1. Out of the residues in segment 24-73 meeting the condition of being in a helix (DSSP H, G or I) and among the acidic types (Asp, Glu), tell me which one is nearest to residue 101 (Cα to Cα).
2. With (1) closer than 25 Å to residue 525 by Cα; (2) buried (at least 18 other Cβ atoms within 10 Å of the Cβ) as the list, and residue 365 as the residue in question, which single condition is left unmet?
3. Looking at (1) outside any helix (DSSP H, G or I); (2) at pLDDT below 90, which one does residue 356 not meet, given that it meets all the others?
4. Which pairs do you get when a residue that is more than 20 Å from residue 373 (Cα to Cα), found in segment 507-521, comes within reach of a residue that is assigned to a helix (DSSP H, G or I) and among the acidic types (Asp, Glu), reach meaning Cβ atoms under 7 angstrom, with the pair 6+ apart or on two chains?
5. All but one of (1) modelled with pLDDT under 90; (2) in contact with a helix residue (DSSP H, G or I) (Cβ under 7 Å, 6 or more places away or on another chain) hold for residue 663; which doesn't?
6. Kindly establish whether residue 208 is in contact with a Phe, Trp or Tyr (Cβ under 6 Å, 6 or more places away or on another chain), part of a helix (DSSP H, G or I) and either modelled with pLDDT of 95 or more or more than 18 Å from residue 243 (Cβ to Cβ) (or both).
7. Go through segment 232-319 and tell me which helices (runs of 4 or more DSSP H), entirely inside it, have 1 or more residues that are within 36 Å of the chain's Cα centre (by Cα) and under 22 Å from residue 197 (Cβ atoms).
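The values are calculated or read from the model by the stated rules, or taken from the named source; none is laboratory data. None of these values were measured; they are calculated from a predicted model. FYI the Cβ positions are ideal-geometry reconstructions off the backbone, even for glycines, and counts take in every protein chain you see.
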Amino acid sequence: MDVTEDNLATLANYLQQTLNPDPNVRRPAEKFLEGVEVNQNYAVLLLHLVEKEAADMTIRVAAAIAFKNYIKRNWPVEDESADRIHLSDRNAIKNLIVSLMLKSPEAIQRQFSDAVSIIGKYDFPEKWPTLIPEMVEKFATGDFHVINGVLRTAHSLFKRYRYEFKSQKLWEEIKHVLDNFAKPLTDLFVATLDLATKHADNPQALRVIYGSLVLICKVFYSLNYQDLPEFFEDNMPIWMPNLLNLLQVKVPCLETSADDENPGVLEQLRTEVCECAALYALKYEEEFGPHAPSFVTAVWTVLLATGPQPKYDALVSNALTFLAKIAEKNNYKNLFEDPGTLSSICEKVVIPNLEFRESDMELFEDNPEEYVRRDIEGSDVDTRRRATCDLVRTLVLHYEDKIMNIFGQYVQVMLAQYGERGAEAWRGKDAAMYLVTSLAARGSTQAAGVTRASPLVDLAQFAAHHALPELQRGNVNELPVLKADAIKYIMTFRSLLPKDLIISSVPLLVSHVGAGGVVGTYAACCAEKLVAGGLLPAAGLAPHARPLLAALLAALGDGRDPATHNEYVMKAILRTLSCLQEAALEYLGEALPKLAQMLAIVAKNPCKPHFNHYLFETLSLSVMLVTKTNPNAISAFEDALFPIFQEILQNDVQEFMPYVFQMLSLLLELRGASNGGGGGSAGDPYCALLPCLVAPALWQRPANVRPLVRLLCAFIAARPDAVLQSGRLNAMLGVFQKLIASKTNDHEGFYLIQTMFYKFREQVMQPYTKQIMTLLFQRLSSSKTTKYVRGLIAFLGFYAAHFGADTLIDIIESVQTNMFGMYLERILIADLQKVTGALERKAAAVGCVKLLTSSQRLRQPPLAALWPRLLQALISLFELPPDESSLPDDHFIEVDDAPGYQAQYAQLACARGAASDPLASIEDPKRYLAESLGNMSRTAAGELPPRLAALDEPHRAALHAYLAAYSVQIC
């Protein structure tokens, strides 16, 4: 693809079509671009299109987004996979992107900034040593559009230091950055502050300058996160007083008006400064100590001067977080222990920031999904309420008696006002319930809610007097915020409340599921958590099952409105059915058509991943429950689901493909079991799928790999004749070859090839066995990871167990002379202890027993010398825990870290097949060893005693214990 005007015009045309809302126009364009992105110069073409000022801005931004996604999908090269980006393109991208980014409009700059951070994650600093110097030299331009572009990129590049685990590689990278960036950043900070003074009368300039200071603070935070760098410690006299001043500075021309909904640049700056101060207060207590009192005063002043408007939310949240971090430390106790201070904190900071505002009500009514995400889940969006609760919990830990006394008085007043004035004082009760929750909670887990509470709060009494009465009102839509509070209280303290109170709340929860919005979601969520935690077992759930499921299904509506695709409701349906098991069958007749219809609808536009996951789980569970009692019902499921699956596969709905493959595996396994294995007639819909499943394109998406392997194995088990008759055996072997070459997916390769040998047997596989072994040992010599060694030992153990020990030795020797001896000494004996997993350890053990007791070649020189060592390794496998040490080649990309915009693989727990044991006839490998040695001693009298005498004492003692346990005599 040459960089020509014609190609640029063609590319622009296809990008324009990807913006079309009509999927018949959009999808072909997306497919075309996906198909040509492997061509040389594709990325360079995108960059030229972005640079083209004459092009429509929408197209330029679309090209920038396409470029970023292209980088995300293709820049990392997994294992031995082919590099999808030409080397010349990689170099061109790194040469062009920084300068192009810095001269682009901000919308494009942001996309390129993300792309730089992705490239940097893999190439910086080793393969891109010029990046930091190139960025730093731009500081000297004095052009703040360019400087801010550099800072934005630096923030994008360095923000991963906030969450990456400590490692030598990370330390080396951060040191490189600090050596080259810390001083220029500090100099820029000082120079920018100086410019702010010089341009004090120029609002336009100040807006840009203060925007730079926001970015500088973000970068400063990232560079200080892992540890306190020596440079910044030495320069605290520059940074801390100036950061403190930025908290206090008044810039009237930059103040936002009361009507503004979004934070202005000053609010953003103060927010970042509070975050930096909180970091230092938490992690660098000693160094920050001298500055702490001044910051506490300044933050307190900011809090008192800040109104309830949403634009201040992030600022208030970070300010409260700073105070909470300070309050944690014993060094600062004197700042908080005075009762007057605590009372002032409660009255002037805690209560105002707990109060339910108009903006909260708008969110509660208009966007319940987002409200729930923030309130229940603790989303990434920090809220005032959460930060306030964190502050209260911190204060209670250190000053419990004082806090309970002072704050308790405020709670009593607010509840009394609600008792006197009723509905008009509901906001006071709402704040009181939040405050009680914060004061009482001491420790919690995701599964059980709060597990430890303050002895000074009577949780049951509060629930009976203040929570349940809100749910007992006849109108489920009356005072919805208080109803949500009441449900949340039960959900939060569920593990600590009396069982009879929990049971009495269940019908109230059921009635509130139908309220919809936040209240309905909370009711569904609470019911699900009560069942999940065992607080509502099957016997307790049964009397409420019919109305609960009816309410949950009704809450889903007809599925056409995406707002009804409520993940908490779907999860509650799943949990209820799972708890009821066979008792759920009477409700599935009504539920299944609705769930199938829901799947057909969401498949057209998947937008809520958790809801979709629980929907597939529920369908899988239904298949399992129904077919367990009525195997013939499989046909009804196939009739209902196959047309939907076909549409998903035809339309290439990437998010759903892994789920469909798992459900097809489940159905095929059940179908195969119910008809004795099936032969695969011409009209068999499963067999019609087989050619598609081995197509290379499907295997390029990481999310598809595991479920596709499972589905191929299901075909091999249920339709072995169809696989062979269709001529797909070679294609499956090609899949195996690709998998075994990958550090990420080699375990899937072992699973596939073991299934092929197990089901097709040696007669079918014999022509391919030598080539298979050759591939396995080539991979061993090129990249020997712990995971691969485990898989190889287990697979060769399986092979020896099924096809004979000497057959295994012969085939490995045919690959290379003396290869088996090297494998035996350097891999099997050395690393047998590394094998993990019950079935894998069993296969390895049985394979070793076969080698020791049924191989003639292992009992003759030169291999005979290794016989005692192999027996000792096997006894160690039985007696010792797995060896968890790693091998040098163990650095590989985990499946979950695989790059790209594709949905990642998500296991359907309810669609898991039963783990099949190819060695099920052998129950106890220790007994198998003892009895096999007994058989050997009878057929080769006198041969074993001298061999066993070569064992060291601990191993000999363990072996004698096995022989004695199973009454085996050695002669």
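1. 51
2. Every listed condition holds for residue 365 apart from (2).
3. Just one mismatch for residue 356, condition (2).
4. none
5. If we test residue 663 against (1) modelled with pLDDT under 90; (2) in contact with a helix residue (DSSP H, G or I) (Cβ under 7 Å, 6 or more places away or on another chain), just (1) comes out false.
6. yes
7. 236-248, 265-283
Condition check ((1) buried (at least 16 other Cβ atoms within 10 Å of the Cβ); (2) modelled with pLDDT of 90 or more) across all residues:
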residue: 119; (1), (2): yes, yes
residue: 129; (1), (2): no, yes
residue: 132; (1), (2): yes, yes
residue: 135; (1), (2): yes, yes
residue: 138; (1), (2): yes, yes
residue: 142; (1), (2): no, no
residue: 152; (1), (2): yes, yes
residue: 155; (1), (2): yes, yes
residue: 158; (1), (2): yes, yes
